[in-house]
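A.B. asks: Could you have a look at this structure, given as structure tokens, before my questions?
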Amino acid sequence: MEFKTLAVVGLGTMGAGISQTAVQFGYNVVGIEPSQAGLDAGRNRIASGLAKFAEKGRITVEESEAALARLTLTTDRAAIAGADIVIDAAFEDVDLKKELFRDFEKLASPTALLASNTSTIPLVIMAAETTAPERVIGLHFFNPVPLMKLVEVIKTPATSQETIDGAVALSKALGKSPVVIKDGPGFIGNLLVVPFLLDAIRAYERGVAEKEDIDEVIKLGFNHPMGPFALSDLIGLDIVHDMAARMYEEYRDPKYWPPPLLKQLVRMGWLGRKTKRGFYTY
């Protein structure tokens, strides 16, 4: 299975990161957003990421320019037709994902892999929208994509071995370390990290310690690069909330129920780094 062109649907933080990584490693990328404003914002994210890599000497300025030249942007979803793999990096909305996968099967090449970067939505929900579930695979990259090595390759009971092997090979070609796992809400990473983040918030709510001190314990005591509050701000508090709520809906386990403080911050629009205020002010 050979990959030359990737289509990435959704150019937010994750989609732009996936696109940047792919063009850096020599792949052609078709980036798709429903609006010109979304395309402009996505291109700025990708160009900025490449420029930072050039500034730090990870790539040359010439390599950065060549990488950006491999990026094509469009609002036309039909442009996925020439791609060898289509990657959904759109919002974590079940109805939207279902719609996308119906279009993927209709518009993409009959041999293209149909992938999703979903972080918590069970992949079988999307696979069930197609008549080719053997081509559906999860490729869950981690943020920031250009720097993080891990990719969770998620298989459903219907995913073919050829599709799994192709997804693993592509992940490695993008400089990542893939881990193949079975489909399930939260997969491995979020299945474990979401309760950790929520427990830290609950401890802070109960007055066990200040958030700065909790972060310090996790950083110094467990050698994590950042504590749970700084990490939540980096991920986005709205995303943490939605992941937790979705996993609670699936498992009905109280450990996934979003704490009141998290809900309050989201309702205030204090979503972390992206809004300059979350648990911390930026």
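A.B. asks: Among the residues of the stretch 102-120, is any within 17 Å of the chain's Cα centre (by Cα) and over 14 Å from V8 (Cα atoms)? Can you show your working first?
C.D. replies: Step one: filter the stretch 102-120 for residues within 17 Å of the chain's Cα centre (by Cα), giving 114-120.
Now restrict to residues that are over 14 Å from V8 (Cα atoms): 119-120.
Yes.
A.B. asks: Keeping to the stretch 127-145, report how many residues are of a type outside the set (D, E, K, R), buried (at least 21 other Cβ atoms within 10 Å of the Cβ) and under 20 Å from Y27 (Cβ atoms).
C.D. replies: Within the stretch 127-145, the subset of a type outside the set (D, E, K, R) is 127-128, 130-133, 136-145.
Now drop any that are not buried (at least 21 other Cβ atoms within 10 Å of the Cβ), which leaves 127, 133, 136-141, 145.
Going one step further and asking which of them are under 20 Å from Y27 (Cβ atoms), we end up with 137-141, 145.
Final tally of qualifying residues: 6.
A.B. asks: Name, by its number, the condition in (1) touching a Phe, Trp or Tyr at 6+ places or on another chain (Cβ under 6 Å); (2) assigned by TED's automatic domain parsing to the domain that holds V124 that does not hold for Y248.
C.D. replies: It fails just one condition, (2).
A.B. asks: Moving on to the next point. Pick from the stretch 74-95 the residues that are of a type in the set (A, V, I, L, M, F, W, C) and either modelled with pLDDT under 95 or part of a loop (DSSP other than H, G, I, E, B) (or both): which of them is farthest from the chain's Cα centre (by Cα)?
C.D. replies: Taking the candidates together, the pick is A83.
A.B. asks: Let me ask another. Would you say T111 is assigned to a loop (DSSP other than H, G, I, E, B), touching a strand residue (DSSP E or B) at 6+ places or on another chain (Cβ under 9 Å), farther than 30 Å from K52 by Cβ and not charged (D, E, K, R)?
C.D. replies: Values: assigned to a loop (DSSP other than H, G, I, E, B): yes; touching a strand residue (DSSP E or B) at 6+ places or on another chain (Cβ under 9 Å): no; farther than 30 Å from K52 by Cβ: yes; not charged (D, E, K, R): yes.
Criteria not met by T111.
A.B. asks: Criterion first (on the phi < 0 side of the Ramachandran plot and buried (at least 23 other Cβ atoms within 10 Å of the Cβ)) does V61 satisfy it? Reasoning before the result, please.
C.D. replies: Values: on the phi < 0 side of the Ramachandran plot: yes; buried (at least 23 other Cβ atoms within 10 Å of the Cβ): no.
No; evaluated as a whole, the condition is false for this residue.
A.B. asks: Tell me which residues, restricted to the stretch 1-47, are among the β-branched types (V, I, T), in a helix (DSSP H, G or I) and closer than 24 Å to L107 by Cα.
C.D. replies: Looking only at the stretch 1-47, we keep the residues that are among the β-branched types (V, I, T), and these are 5, 8-9, 13, 18, 21, 23, 29-30, 32, 46.
Retained after the next criterion (residues that are in a helix (DSSP H, G or I)): 13, 18, 21, 23, 46.
Within the stretch 1-47, I18, V23 meet the criteria.
A.B. asks: From the list S109, S64, exactly one residue is free of Cβ contacts under 8 Å to residues at least 40 places away in the same chain, farther than 25 Å from A167 by Cα and hydroxyl-bearing (S, T, Y). Which is it? Break it down into steps so the answer makes sense when it comes.
C.D. replies: Numbers: S109 fails: farther than 25 Å from A167 by Cα.
The match here is S64.
A.B. asks: Can I ask one more? Kindly indicate whether any position in the stretch 201-220 is within 21 Å of L147 (Cβ to Cβ), in contact with a helix residue (DSSP H, G or I) (Cβ under 7 Å, 6 or more places away or on another chain) and free of Cβ contacts under 8 Å to residues at least 24 places away in the same chain. Give the derivation first.
C.D. replies: Here is the first cut: in the stretch 201-220, the residues within 21 Å of L147 (Cβ to Cβ) are 215, 218-219.
Adding the requirement that they be in contact with a helix residue (DSSP H, G or I) (Cβ under 7 Å, 6 or more places away or on another chain) leaves 215, 218.
This time we only want the ones that are free of Cβ contacts under 8 Å to residues at least 24 places away in the same chain, so: 215, 218.
Yes - at least one qualifying residue is present in the stretch 201-220.
A.B. asks: Looking at G207 and the list (1) in a helix (DSSP H, G or I); (2) not assigned by TED's automatic domain parsing to the domain that holds I154, which single condition is not satisfied?
C.D. replies: (1)
A.B. asks: Under 9 Å by Cβ, and 6 or more places apart or on different chains, what pairs join a residue from the stretch 254-272 that is touching a residue at least 60 places away in the same chain (Cβ under 8 Å) with one that is of a type in the set (S, T, Y)?
C.D. replies: Correct list of pairs: K255/Y248; Y256/Y248; P258/Y248; P259/Y204; L261/Y204; L262/S232.
A.B. asks: Could I ask something else about it? Please go through the stretch 213-255 and give me each residue that is touching a strand residue (DSSP E or B) at 6+ places or on another chain (Cβ under 8 Å) and not in a helix (DSSP H, G or I), ordered by number.
C.D. replies: Correct list: G236 only.
The values are calculated or read from the model by the stated rules, or taken from the named source; none is laboratory data. Model, not experiment: these values are computed from the prediction. Backbone-built Cβ (ideal geometry, glycine too); neighbour counts: all protein chains shown.
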